[in-house]
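Notes follow once the structure below has been shown.
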Amino acid sequence: DGETFISADDLRINLWNLEISNQSFNIVDLKPANMEDLTGNLLSIPVKVVPPSVLLNKFYEVITSAEFHPAHCNMLAYSSSKGSIRLIDLRQSALCDSHAKLFEEPEAPGSRSFFTEIIASISDIKFAKDGRYILSRDYMTLKHAALSRRLYVPFNPGFHYLSTYSLWDINMDSGPVATFQVHEYLRPKLCDLYENDSIFDKFECCLSGDGLRVATGSYSNLFRVFGCAPGSTEATTLEASKNPMRIQVQTPSRPSRSLNSITRVVRRAETLGVDANGNSLDFTTKLLHLAWHPTENLIACVAANSLYMYYA
């Protein structure tokens with residue numbers, strides 16, 4: 001509506017009005033009834049030093065990202081450290097204790113490990129421009145939810161990839177419709193990633209203005225772009241640097257106008273020398289933040305203290 005906006009911390013989401021700077025309204029509150037229960041859990045943590053928000057995530061479900069629906073000012077979505085996305089309607093009540101829809105991928109039997117909850121935490125969610133889709137990112141995967149005129153529209157792209165980018169269907173909220181891999185090759189290295197705290201990195205995600213492609217960052221200043229149109233097999237890896245490289249992970253089955261021209265300046269076809277386990281990746285250089293122009297085929301991404309823009 002151009003008048004209100006939201007802010008969120010680990011336990012609450014507040015609604016603000018642009019004309020009122022000294023007052024906000026609490027619309028989501030996950031704070032436990034007894035805060036001593038929460039602090040008690042935190043005091044029982046191992047000696048290993050990690051960020052306080054990470055400790056909170058380990059023992060309690062917290063809010064990790066929140067965004068308004070682009071067209072309906074009464075609807076918003078927020079994600080949690082437990083890997084769930086909740087869609088809420090402000091018309092239901094002043095304090096939205098319940099959700100209109102819950103998106104949560106069931107855990108595969110026998111797959112639980114020490115790292116399960118850590119890598120399931122969602123670091124970012126984004127609505128598509130038309131409000132029809134929700135994109136989310138966790139450490140291993142990128143997931144996409146489809147909305148209908150009321151909430152979501154069933155969307156079946158006809159393919160399914162395991163672990164990474166996922167397409168959600170409101171009528172199939174038991175799991176995503178499709179998934180692309182972003183960091184699956186790092187699974188054997190989760191212990192090392194935990195020791196150097198890289199497993200707690202929060203990668204953002206974005207969608208193109210036409211909703212046909214999605215992008216997210218990775219290590220060594222790389223970012224991945226996937227096609228999410230029905231039947232698309234587009235998957236491209238680009239490097240944010242002054243001398244970028246392009247790695248074509250998958251070759252589309254048909255010519256694409258998409259991001260082929262985005263890499264006209266990227267003519268070196270060499271790979272980065274990354275093996276199946278990602279041993280050669282530089283975990284100290286990471287592309288956490290990126291955004292897609294709402295109308296142009298233009299991506300802006302941040303690596304270290306530099307801003308790079310790619311245009312097709």
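Amide H contacts of Ser121: Tyr139, each under 5 Å away and 5 or more positions distant or on a separate chain (H built 1.01 Å from N in the peptide plane; Pro and chain starts excluded).
Comparing Cα centroids, region 70-134 and region 1-31 end up 18 angstrom apart. Phi angles across region 6-23 convert, under the Karplus curve 6.51 cos²θ - 1.76 cosθ + 1.60 with θ = phi - 60°, into 3J(HN,Hα) values of 10, 10, 9, 10, 4, 10, 9, 10, 10, 9, 10, 10, 4, 8, 10, 8, 10, 8 Hz, Gly and Pro given as x.
Ignoring lysines fewer than eight residues from Lys202 along the same chain, the ones with Cα atoms less than 19 angstrom from its Cα are Lys58, Lys82, Lys126, Lys143, Lys189, Lys286.
Database remark: amide H of Asn297 closer than 5 angstrom to the amide H of Ala312 (H placed geometrically; neighbours at sequence offset of 5 or more, or on other chains; Pro and chain starts carry no H). Solvent-accessible surface of region 191-243, taken per residue with a 1.4 Å probe and all protein chains present: 31 Å².
Largest to smallest in accessible area, the residues Leu307, Leu142 fall in the order Leu307, Leu142 (1.4 Å probe, all protein chains included). Taking θ as phi - 60° and the Karplus parameters 6.51, -1.76 and 1.60, the scalar couplings of region 114-122 work out to 4, 8, 4, 5, 5, 7, 7, 4, 7 Hz in sequence order, x denoting glycine and proline.
The values are calculated or read from the model by the stated rules, or taken from the named source; none is laboratory data. Bear in mind that the values here come from a model prediction, so they are computed numbers and not experimental data. Ligands, DNA and RNA are stripped out before the accessible areas are found, and what is left, the full protein with its side chains, is counted by its heavy atoms. Shrake-Rupley method; radii C 1.70, N 1.55, O 1.52, S 1.80 Å.
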